[in-house]
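What follows draws every value from the coordinates through simple rules; no lab data is involved. This is a predicted model, so every value here is computed, not measured. Note that we place each Cβ from the backbone using ideal geometry, even for glycine, and neighbour counts take in every protein chain shown.
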Amino acid sequence: MLNQHPEDRKLRQVFFPRIAVIEPGDSVKFLATDKGHNAQSADDMIPDGAEPFRGRINEEIEVTFDTPGFYGYQCQPHYAVGMVGLIVVRGDGMMDNLEAAKAARHRGKARAVWGDIWAEVDGMDLSA
Ligand SMILES: [Cu+2]
């Protein structure tokens with residue numbers, strides 16, 4: 001959770017990296033490197049049966065991901081300026097919620113950032 005992108009200083013309020021590809025059972029720790037941010041799963045952007053997560057501001061939460069699929073998340077205070085990210089958990093059934101996650105509606109700059117993220121995902125080889 002950063003106030004400024006480490007490689008493009010014009011970009012403010014970012015998760016870096018904003019896409020993480022992991023395996024079932026892996027954990028992700030959201031580091032409060034800069035203050036004033038949180039990480040929480042986005043409504044309608046996690047697989048069926050997966051647990052939503054929600055950290056408090058400045059809280060470093062560690063989340064274990066067991067269900068394959070696409071998990072959108074965001075910083076609550078900076079959602080509208082596009083502070084969002086994606087975790088991809090590979091494995092059987094991982095593609096089941098891709099279209100639903102892509103179909104989630106967004107506002108503000110989050111809409112453009114999600115467009116960029118999905119374009120990046122479309123160009124990735126996610127097979128094992
Ligand atoms: Cu933030």
Checklist outcome for this item: So, over other residues within a Cβ distance under 15 Å of Val21, counting Lys, Arg +1 and Asp, Glu -1, the net charge is -3
Checklist entry - Of Glu59, Glu99, Glu23, which has the largest mean-square fluctuation in a 10 Å C-alpha GNM of the chain? => result Glu99
Item to check | Helix 109-122 vs. the chain, principal-axis angle (Cα, 0 to 90°, nearest 10) | outcome: 40 degrees
Checklist entry - Around Ser127, with a cut-off of 15 angstrom between Cβ atoms, what is the net charge of the other residues, counting Lys and Arg +1 and Asp and Glu -1? => result -3
Next on the checklist: For the range 2-122, place one equal point scatterer on every Cα, skip the solvent, and apply the Debye formula. What is log10 of I(q)/I(0) at q = 0.10, 0.12, 0.18, 0.22 Å⁻¹?
Outcome noted: -0.27, -0.39, -0.91, -1.37
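For the range 2-122, what's the relative contact order in percent, using C-alpha pairs closer than 8 Å and at least 6 residues apart?
Normalised by residue count, the contact order of the range 2-122 is 26 percent.
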Checklist entry - Given the C-alpha centroids of the range 83-123 and the range 1-44, what is the distance between them in whole angstrom? => result 14 Å
Checklist entry - Given the rule -39500 (n - 2.57) for each run of at least 4 DSSP H residues, summed and divided by the residues of the chain, what is its mean residue ellipticity at 222 nm, to the nearest 500 deg cm²/dmol? => result -4500 deg cm²/dmol
